[in-house]
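**Q** Structure in structure tokens, see below.
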Amino acid sequence: MTSTSVNWQIRARRLAQQLADTGVLDDPAWRAAVESVPRHVFVPRFYVQQPDGEWSETAADSDAWLDAVYEDVPLVTALAETDNGARVTVSSSTKPALMLRMLRALQVRAGHRVLEIGSGTGYNAALLAHRFGDENVFTVDIGAALVDTARERLAELGYTPTLAVGDGRNGLPEHAPYDRVIATCSVPTVPWAWAEQVRHGGLVLVDVKRGAHAGNLVLLRREEDRLEGRFLPKWAGFMAIRDHDAAPPSKSSVGRVHPEDGERTSTPLDPAPWSAPVPWLLASAGLPRHLGFGHLGFTGDGPEWAVFTGDDGSWCAIRMQPDGHGEREVRQGGPVAIWGEFETVHGEWEALGRPGWDRLGLTVTADGQHRVWLDEPDGAHGWSLPT
Ligand SMILES: C[S@@+](CC[C@H](N)C(=O)[O-])C[C@H]1O[C@@H](n2cnc3c(N)ncnc32)[C@H](O)[C@@H]1O
């Protein structure tokens, strides 16, 4: 099927209506972009992980493919093999509702120059180019083959934004300054290069994550000496930024943990990191820089332990099933008591009234300091993220 022979417009209009119904597509100009840019050209195949961990491929020429491409779902579009032979996601087409939510938050105006970190399929760049013109859109990805195919697909549709291969942490200095920077991969810290390349008063929208769930999208404004702004109220998660054009090395050492060796305590808290993303971000100030998460000891009822591992040898394991009093057994070892640290910060967060993302903000300065704050930048409560 070619882009001209498939009946995609009706599906694109249906997707736009669905996005409008959920409130993320209230701007007629963005609606026109969603209805006009064929997502299927950027996603000629996608991959779905099966329960056994293997990936199945759905490619063009099937109705299942075309239907999925115009549903409001993220689609995995590129896989790579890790050092231990597993295939992992290295690129995807973001869920359309999230893309539109971000584009709206970014407040792009006519004439603004926009830098995207993470070109991926090129679809987001196409939406931007459709609205603001090729000359105002710049996008960089660490994946050389991804950039090549994105460029071809954009050109097939008549879009010619500037695409570059490189580490997005460096921005794209040769085309700076920009009015907006949007990152579609998560970063543990915001690179100062982005601040240097964005005009004063310009905006940077990025997912700051210290672990799979410890963080969220934050909209930062370029002030004289800092980037500063608030987290978006609703949580979102992007794939983590990579250091190389390859599968990221596996940082998790969950399989090497032996819960019975650890010091024993108990907790009433849910061990799932997605149940408490705010306290996990705040706790990251006192936790190892890289935190892996996984499960251990599978039984008929599911996994026995939730496990966190730090890159410094610290670890903790929490039983998935609580006892009759709602308490779960905790085991931990290594230099940092991961669960103990998390529980302390969780307690402080509860004492503050369990503030959500809407009450939190971030200040980044040229020396690399990252300070998360509650309500106001110079308010009483702040947490410094390790850099
Ligand atoms: C969610 S995908 C981007 C989706 C894309 N915006 C689209 O519309 O298809 C994340 C992308 O970030 C890219 N990425 C990861 N690390 C990077 C880095 N250091 N510099 C630039 N891009 C990077 C990945 O290769 C991947 O294509």
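All of the numbers you see were taken from the coordinates with simple rules; none came from a lab. Note that the structure is predicted; figures quoted are calculated from it, not measured. Counting neighbours? That spans all protein chains shown, and the Cβs are built from the backbone with ideal geometry, glycine included.
**Q** Of all the C-alpha pairs in the stretch 2-231, what % are more than 24 Å from each other?
**A** That fraction is 44 percent.
**Q** I want the local charge near residue 118. Using Cβ-Cβ distances under 12 Å, sum +1 for each Lys or Arg and -1 for each Asp or Glu among the other residues.
**A** Working: positive: 169, 242; negative: 116, 141, 167, 207.
After counting each charged neighbour, the total is -2.
**Q** A further question follows. What FRET efficiency, computed as 1/(1 + (r/R0)^6) with R0 = 22 Å and r the Cβ-Cβ distance, is obtained for residue 224 and residue 160, rounded to the nearest 0.05? Display every interim value, and only then the final one.
**A** Working: r = 35 Å, r/R0 = 1.60.
So, using R0 = 22 Å, E works out to roughly 0.05.
**Q** May I ask for the angle, rounded to the nearest 10°, between helix 9-21 and the longest principal axis of the chain, with both axes built from Cα atoms and the value confined to 0 to 90°?
**A** Once rounded, one gets 50 degrees.
**Q** Let me ask something else about it. Tell me which of 204, 194, 216 sits at the most positive position along the dipole axis of the stretch 175-225, charges placed on C-beta atoms (Lys, Arg +1; Asp, Glu -1).
**A** Highest projection toward the positive end goes to 216.
**Q** Now a separate question. Go ahead and set up a Gaussian network model of the chain, Cα springs under 10 Å, then flag whichever of 317, 80, 110 fluctuates most.
**A** Evaluated over the chain, the most mobile residue of the options is 110.
**Q** Find how many whole Å separate the alpha carbon centroid of the stretch 214-275 from the alpha carbon centroid of the stretch 55-78.
**A** That distance is 28 Å.
**Q** Now for a separate question. How would the stretch 304-371 be classified by its alpha-carbon gyration tensor: rounded, prolate or oblate, with rounded meaning a/c under 1.5 and the a/b versus b/c comparison settling the rest?
**A** Judged from the Cα gyration tensor, the stretch 304-371 comes out oblate (a/c at least 1.5, b/c at or above a/b).
**Q** Sticking with this structure for a sec: If you take the square roots of the eigenvalues of the alpha-carbon gyration tensor of the stretch 221-267 and sort them as a ≥ b ≥ c, do you get rounded (a/c under 1.5), prolate (a/b over b/c) or oblate?
**A** It comes out oblate by the Cα gyration axes.
**Q** So, one more: I need to check one value: relative contact order of the chain, counting alpha carbon pairs closer than 8 Å and at least 6 residues apart, in percent. Don't jump to the answer; show the numbers that get you there.
**A** Values: 799 pairs, mean separation 42.2, N = 387.
Here the relative contact order equals 11 percent.
**Q** Still on this structure: Report the calculated FRET efficiency for residue 27 and residue 196 (r = Cβ-Cβ distance, R0 = 30 Å), to the nearest 0.05.
**A** On the way: r = 30 Å, r/R0 = 1.00.
Using R0 = 30 Å, I get an efficiency of 0.50.
**Q** Please rank 36, 93, fewest neighbouring Cβ atoms within 10 Å first, as an exposure proxy.
**A** 36, 93
**Q** How far is helix 144-156 tilted off the main Cα axis of the chain, in degrees rounded to 10, range 0 to 90?
**A** That helix lies at roughly 30 degrees to the long axis.
**Q** Pick out which of 286, 143, 324 has the largest mean-square fluctuation in a Gaussian network model of the chain, springs linking Cα atoms closer than 10 Å.
**A** 324
**Q** Once you sort the root eigenvalues of the Cα gyration tensor of the stretch 255-351 as a ≥ b ≥ c, which label holds: rounded (a/c under 1.5), prolate (a/b larger than b/c) or oblate (the other case)?
**A** oblate
**Q** What number, rounded to the nearest 500 deg cm²/dmol, is the helix-based mean residue ellipticity at 222 nm of the chain, given -39500 (n - 2.57) per DSSP H run of at least four residues and division by all its residues?
**A** The helix-only estimate for the chain comes to -7000 deg cm²/dmol at 222 nm.
**Q** If you don't mind, there's one more thing I want to ask. Given a cut-off of under 8 Å on Cα pairs at least six residues apart, what relative contact order in percent is computed for the stretch 21-126?
**A** Taking the mean separation of contacting Cα pairs over the length of the stretch 21-126, I get 24 percent.
**Q** I need to check one value: relative contact order of the stretch 255-351, counting alpha carbon pairs closer than 8 Å and at least 6 residues apart, in percent. List each step's numbers first, then the result.
**A** Values: 159 pairs, mean separation 31.5, N = 97.
About 33 percent, as a whole number.
**Q** Arranged by the count of other C-beta atoms within 10 angstrom, fewest first, what order do 257, 187 take? Each step should come with its number before you reach the end.
**A** Details: 257 24, 187 20.
Least crowded to most crowded, the residues run 187, 257.
**Q** Just round it to a whole percent: the fraction of Cα-Cα distances in the chain exceeding 26 Å. It would help to have the intermediate numbers written out before the result.
**A** Values: 41685 of 74691 pairs.
Distances greater than 26 Å cover 56 percent of the Cα pairs.
**Q** Still on this structure: Please identify the longest segment of the chain free of exposed GluC sites (Glu not before Pro), where exposed means a DSSP state other than H, G, I, E or B and no more than 11 other Cβ atoms within 10 Å.
**A** 55-223
**Q** In degrees between 0 and 90, to the nearest 10, how far off the longest principal axis of the chain does helix 123-132 point, with axes built from Cα atoms?
**A** Taking Cα atoms only, the helix is inclined about 50 degrees.
**Q** Then there's this: Compute the whole-percent fraction of alpha carbon pairs in the stretch 195-248 spaced more than 15 Å apart.
**A** 55 percent
**Q** Roughly how big is the stretch 2-231's charge dipole about its Cα centre, with Cβ charges of +1 (Lys, Arg) and -1 (Asp, Glu), in debye to the nearest 20?
**A** 680 debye
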